[in-house]
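Notes for the one structure printed next.
The values are calculated or read from the model by the stated rules, or taken from the named source; none is laboratory data. Computed from a predicted structure; not experimentally measured. Using ideal geometry, Cβ is built from the backbone for each residue, glycine included, and neighbour counts are taken over all protein chains shown.
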Amino acid sequence: MSETFEHVRCLIIGSGPAGYTAAIYAARADLKPVMYQGMQPGGQLTITTEVENFPGYPKGITGPEMMEEFKQQAERFGTQVRFGVVTSVDFQSRPFTVTADDGKTVKAESVIIATGASAKWLGIESEKKFMGMGVSGCATCDGFFYRGKDVAIVGGGDTAAEEATYLAKLCKKVYMIHRRSELRASKAMQHKVLNTSNIEMVWDSVPEEVLGDDSGVTGIRVRNVNSGESRDITVHGFFVAIGHQPNTEIFKGQLNLDEMNYIKTVPGTTQTSVEGIFAAGDVQDHYYRQAVTAAGTGCMAAIEAERFLTT
């Protein structure tokens with residue numbers, strides 16, 4: 001007996017601002033999109049407490065609430081949102097073949113990838129405990145909440161250096177914790193960090209524990225890797241800036257990826273190396289990584305998919 005497949009015009013892999021915005025536009029264009037939400041429905045915003053930099057929310061909103069509203073809007077226009085994870089793809093010929101963990105195999109005329117990127121974490125238990133209560137993976141998103149306060153950031157690359165200097169403009173003091181005796185960041189960024197008066201370097205050290213109570217983070221315990229001695233630093237916010245990992249494992253060998261495994265797109269578009277496959281949000285953007293820019297590329301991807309299907 002021949003195997004039957006589900007045929008769809010537009011399949012969206014992943015949710016979050018990029019995926020849901022793509023779904024809204026695709027549904028309004030009558031593409032009847034089907035979305036698989038992925039392992040973290042709503043994306044990274046679901047681990048963010050307050051979102052105050054997204055237009056249209058003058059009083060702010062929590063990340064989970066915002067993503068629920070995005071989802072409801074996508075469904076209102078007819079998007080079929082499914083809880084599940086795509087486990088394999090075949091982009092060698094069109095219609096494209098996509099298999100999900102619900103056992104379904106979908107044949108899609110176009111695909112929008114919005115699987116995002118995951119922040120790398122230290123892996124200590126107290127880091128999870130205070131997630132959203134002082135622990136953050138995005139200074140640009142959450143630094144505003146620590147104006148005039150002392151914070152700590154861990155990392156030594158360009159991202160950590162950029163975020164440390166950003167925080168220094170808002171916060172009273174920034175402790176920058178790095179396991180080595182010199183930064184890995186570019187010389188220009190090193191110069192910027194080392195010449196910012198309210199950034200204090202904590203060299204040769206690693207975070208051991210995030211300290212806090214019911215109100216949130218109250219400090220960070222760091223251990224010197226040379227002496228083995230530990231000390232506590234009083235801070236209200238703790239930022240982890242040790243990099244992001246794009247969620248592109250299943251696309252290796254199917255699409256062109258850059259040296260950091262982000263999906264390559266044609267500049268100014270969301271078009272990937274395979275015609276009819278589009279990538280939006282953090283899965284193809286390692287620079288901005290903001291909800292509003294992800295939403296913008298989600299809009300672009302849906303418009304490009306609609307034009308692809310009608311030409």
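Quick one: in the stretch 65-81, of everything that is surrounded by fewer than 17 Cβ atoms within 10 Å (Cβ to Cβ) and in contact (Cβ under 8 Å) with a residue 12 or more places away in the chain, which residue is nearest to the chain's Cα centre (by Cα)?
Glu68
For the stretch 218-257, which positions are in the same structural domain as Met300 (by TED's automatic domain parsing) and out of contact with any strand residue (DSSP E or B) (no Cβ under 9 Å at 6 or more places or on another chain)?
Within the stretch 218-257, Glu249, Lys252, Gly253 meet the criteria.
Which of the residues spanning the stretch 158-194 are touching a Leu at 6+ places or on another chain (Cβ under 8 Å), surrounded by fewer than 22 Cβ atoms within 10 Å (Cβ to Cβ) and closer than 30 Å to Pro55 by Cβ?
Hit for the stretch 158-194 is Met189, nothing else.
Out of all the residues in the stretch 145-155, is one or more in a loop (DSSP other than H, G, I, E, B) and under 20 Å from Gln284 (Cα atoms)? It would help to see each step written out before you state the result.
Let us first name the residues in the stretch 145-155 that are in a loop (DSSP other than H, G, I, E, B), namely 147-149, 155.
Restricting the remaining residues to those that are under 20 Å from Gln284 (Cα atoms) gives none.
Checking the stretch 145-155: not a single residue is in a loop (DSSP other than H, G, I, E, B) and under 20 Å from Gln284 (Cα atoms).
Going through Thr79, Thr46, Thr87, Thr21 one at a time, which residue ends up being closer than 28 Å to Ser273 by Cα and touching a Pro at 6+ places or on another chain (Cβ under 6 Å)? First the steps, then the outcome.
Numbers: Thr46 fails: closer than 28 Å to Ser273 by Cα; Thr87 fails: touching a Pro at 6+ places or on another chain (Cβ under 6 Å); Thr21 fails: touching a Pro at 6+ places or on another chain (Cβ under 6 Å).
Just one listed residue meets the conditions, Thr79.
May I ask you to list the residues in the stretch 192-230 that are in a strand (DSSP E or B) and of a type in the set (D, E, K, R)?
Step one: of the stretch 192-230, the residues in a strand (DSSP E or B) are 199-202, 205-213, 216-224, 230.
Glu200, Glu208, Glu209, Asp213, Arg221, Arg223, listed by residue number.
Can you list residue pairs whose Cβ atoms sit under 6 Å apart, with the first residue in the stretch 133-150 being of a type in the set (Phe, Trp, Tyr) and the second being surrounded by fewer than 22 Cβ atoms within 10 Å (Cβ to Cβ)? Count only pairs 6 or more apart in sequence or on different chains.
Tyr146/His236
Examine the stretch 121-132 for a residue that is in a strand (DSSP E or B), outside the structural domain of Val283 (by TED's automatic domain parsing) and touching a helix residue (DSSP H, G or I) at 6+ places or on another chain (Cβ under 9 Å), and state whether such a residue exists.
Yes, there is a match, as at least one residue in the stretch 121-132 is in a strand (DSSP E or B), outside the structural domain of Val283 (by TED's automatic domain parsing) and touching a helix residue (DSSP H, G or I) at 6+ places or on another chain (Cβ under 9 Å).
In the stretch 151-181, which residue that is charged (D, E, K, R) and in contact (Cβ under 8 Å) with a residue 12 or more places away in the chain is farthest from Ser205 (Cα to Cα)?
Taking the candidates together, the pick is Lys172.
Assess whether Phe54 counts as being surrounded by 15 or more Cβ atoms within 10 Å (Cβ to Cβ) and more than 30 Å from Leu255 (Cα to Cα).
Details: surrounded by 15 or more Cβ atoms within 10 Å (Cβ to Cβ): yes; more than 30 Å from Leu255 (Cα to Cα): yes.
Against the criterion (surrounded by 15 or more Cβ atoms within 10 Å (Cβ to Cβ) and more than 30 Å from Leu255 (Cα to Cα)), Phe54 qualifies.
Might you check whether a residue that is in contact with a Pro (Cβ under 6 Å, 6 or more places away or on another chain) and not in a strand (DSSP E or B) occurs anywhere in the stretch 241-263?
First pass over the stretch 241-263, keeping only residues in contact with a Pro (Cβ under 6 Å, 6 or more places away or on another chain): 261-262.
When the remaining residues are screened for being not in a strand (DSSP E or B), the result is 261-262.
Checked against the condition, which is being in contact with a Pro (Cβ under 6 Å, 6 or more places away or on another chain) and not in a strand (DSSP E or B), the stretch 241-263 yields at least one hit.
For the stretch 186-200, what are the residues that are touching a helix residue (DSSP H, G or I) at 6+ places or on another chain (Cβ under 9 Å) and within 10 Å of Val174 (Cβ to Cβ)?
Val193, Thr196, Asn198, Ile199
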